[in-house]
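Presented below is the structure to which this report refers.
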Amino acid sequence: MKGIILAGGSGTRLYPLTLVSSKQLLPVYDKPMIFYPLSVLMEADIRDILIISTPQDNEKFIQLLGDGSKYGIKLTYEIQPSPDGLAQAFIIGEKFINNEPCAMILGDNIFCGMGLNKILNAAVKDAENGVSTIFAYHVNDPQRFGIVEFDSNMNVLSIEEKPALPKSNYCVTGLYFYDGHSSEFAKKIVPSDRGELEITDLNNIYLKQNKLKVKLLDTGFVWMDTGTFDSLMDASIYVQTISKHQDVVICSPELVAFSKGWITKEMIFASADKYGKSPYGKAIRKAAEMMR
Ligand code: G1P
């Protein structure tokens with residue numbers, strides 16, 4: 001199973017910050033935003049990951065994450081020259097995907113919750129058996145997202161991108177698990193009215209073939225798209241609250257790697273040394289010291 005993190009886009013809703021910095025490198029409380037989606041793919045046992053970013057930011061991601069060996073994974077990098085849509089990732093990544101099942105997560109999406117592991121493992125297995133999975137989550141502002149319409153038995157009737165008149169409040173989150181056909185199908189998509197290759201169009205191709213599962217993430221899960229100042233602030237406060245009150249470190253690639261047996265404790269200490277006296281450096285050192 002391959003994995004892609006899409007960290008492109010121009011982040012206009014976060015101007016003027018994103019005039020000089022990649023959105024996905026902005027902080028969510030104590031660590032860069034991209035640590036969160038990276039941890040999710042790692043939780044899904046995906047160790048071969050492609051990071052797609054912009055021409056101006058690619059080097060910064062390489063500087064931060066390197067070849068992935070410090071997390072016991074393999075990271076490679078590609079550039080999306082202009083923000084032409086999420087589905088373009090499967091065309092840019094065609095060689096990397098190599099007709100294998102592939103997950104994609106958006107670089108500004110945060111997923112958290114007990115049992116996420118199980119859900120991710122099931123999606124991986126399904127994708128390997130030719131059934132793709134996307135995840136739906138209840139939102140109050142459905143005009144901003146891809147929206148799923150269900151019938152009374154929770155069968156999916158339609159998926160629409162940013163509908164003016166949403167048929168439900170269930171949004172498609174930015175985490176997708178596809179079978180080996182993602183690149184082939186992505187190449188069939190034509191640009192939408194806003195000039196983008198829409199991920200919703202890719203999902204609709206799978207839906208039409210009856211090969212798409214839409215898994216509802218219930219209230220036990222937190223999902224956030226951190227693309228606006230308010231949601232960025234909400235996400236930081238959420239992570240701060242959990243970190244302080246429950247004394248846990250969430251979405252740490254180093255700690256996920258250790259829990260999977262991919263790296264040693266010494267490797268966590270080496271990263272912690274590099275992060276110096278920062279709260280994140282201290283937190284992963286403390287967590288590693290307490291772990292067996
Ligand atoms: C994108 C997708 C949309 C999805 C959302 C989740 O929207 O097009 O279907 O619901 O991500 O974050 P964008 O963030 O590009 O506006």
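The values are calculated or read from the model by the stated rules, or taken from the named source; none is laboratory data. All values reported here derive from a predicted model rather than from experimental measurement. Neighbour counts run over all protein chains shown; Cβ positions are idealised from the backbone, glycine included. Heavy atoms of the whole protein, side chains included, go into the accessibility calculation; ligands, DNA and RNA do not. Shrake-Rupley method; radii C 1.70, N 1.55, O 1.52, S 1.80 Å.
Descriptive notes on the structure:
- Of 118/213; 31/74; 60/95; 95/187; 31/70; 2/125, pairs whose Cα-Cα distance is over 19 Å: 31/74; 60/95
- Take every pair of alpha-carbon atoms less than 8 Å apart whose residues are at least six positions apart; their mean separation over the length of the range 1-75 yields a relative contact order of 38 percent.
- About its Cα centre, the chain has a charge dipole of approximately 740 debye under the convention of +1 per Lys or Arg Cβ and -1 per Asp or Glu Cβ, with nothing else charged.
- Across the range 44-198, C-alpha contacts under 8 Å between residues 6 or more apart give a mean separation that, scaled by the residue count, equals a relative contact order of 26 percent.
- Shown is the FRET efficiency for residue 155 and residue 234, computed with R0 = 45 Å from the Cβ-Cβ distance and rounded to the nearest 0.05: 0.90.
- The candidates 254, 266, arranged from most to least accessible area with a 1.4 Å probe in the full protein assembly, appear as 266, 254.
- Selection from 281, 222, 41 lying farthest towards where the dipole of the chain points positive, charges on Cβ: 281
- What a 1.4 Å probe finds exposed on the chain is 53% carbon and sulfur by accessible area, rounded to a whole percent.
- The Stokes-Einstein estimate for the chain, based on a Kirkwood radius over Cα pairs and taken at 37 °C with 0.692 mPa s viscosity, is a diffusion coefficient of 169 µm²/s.
- Rolling a 1.4 Å probe across the protein heavy atoms gives the chain an accessible surface of 47 Å² per residue.
- For the range 218-292, the Kirkwood estimate of hydrodynamic radius, built from reciprocal distances between every pair of different alpha carbons, is 13.7 Å.
- Available extension along the chain between residue 63 and residue 79 is 4.3 nm, counting 0.36 nm per residue and deducting the alpha carbon span.
- Listed by chain and number, the aspartates and glutamates whose C-alpha is less than 20 Å from the C-alpha of residue 162, apart from same-chain residues fewer than 8 away, are 84, 108, 141, 149, 151, 193, 196, 198, 201, 225, 230.
- For the range 1-130, the dipole from Cβ point charges (+1 on Lys and Arg, -1 on Asp and Glu) about the Cα centre works out to 240 debye, to the nearest 20.
- Database remark: amide H of residue 215 closer than 5 angstrom to the amide H of 134, 135, 136 (H placed geometrically; neighbours at sequence offset of 5 or more, or on other chains; Pro and chain starts carry no H).
- Over the range 206-253 - Rg/Rh using Cα atoms and the Kirkwood inverse-distance radius: 1.16
- Estimated dipole of the range 82-164 in Debye, rounded to 20 [Cβ of Lys and Arg +1, of Asp and Glu -1, Cα centre]: 240
- In the chain, Cα pairs under 8 Å separated by at least six residues give a relative contact order of 23 percent.
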